[in-house]
Amino acid sequence: MVEVTSKSKYMDLLNEYPLLKTDLARANPKFEFLVTQMGKISLWEADLEEVSERAEMSVDETVQLFSELIGSY
């Protein structure tokens with residue numbers, strides 16, 4: 001399992017764990033934008049700190065959510 005931190009790259013995690021796309025949107029509807037084509041383009045180089053702002057979650061909550069989901073795979 002990969003270590004998830006606030007500096008983890010969003011697209012790297014999505015590419016490594018494709019199920020994240022749907023599971024994130026289920027966990028928080030704000031993630032629906034992040035998995036659209038426009039969201040992917042605007043966040044191509046984003047880390048989880050930047051993603052947390054778009055999802056209106058704290059950085060710690062975002063890192064925890066990603067860690068829990070990845071750990072469940």
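Quick note: the coordinates plus some simple rules give every number you see, no bench work behind them. Predicted model only: the values in this text are computed from it and were never measured. So basically every Cβ, Gly included, is an ideal-geometry build from the backbone, and we count neighbours across all protein chains shown.
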*When only C-alpha pairs under 8 Å and at least 6 residues apart count, what is the relative contact order of the chain, in percent?*
44 percent
*May I have the extent of the alpha carbons of the range 8-67 along their three principal axes, as whole Å values ordered from largest to smallest?*
24, 21, 19
_I want to check the label-to-label distance for Glu68 and Val2. Put each point 7 Å from Cα in the C-beta direction and report it in nm to one decimal._
2.0 nm
*So what J values fall out for the range 54-63 if you push phi through Karplus, 6.51 cos²θ - 1.76 cosθ + 1.60 with θ = phi - 60°, rounded to Hz, Gly and Pro as x?*
5, 8, 6, 10, 6, 4, 4, 5, 5, 4
*Let me have the 222 nm mean residue ellipticity of the chain computed from DSSP H runs of 4+ only, each contributing -39500 (n - 2.57), with the sum over all residues rounded to the nearest 500.*
-16000 deg cm²/dmol
*Using label points projected 7 Å from each Cα along Cα→Cβ, tell me how many nm separate Ala27 and Trp44, to one decimal.*
2.6 nm
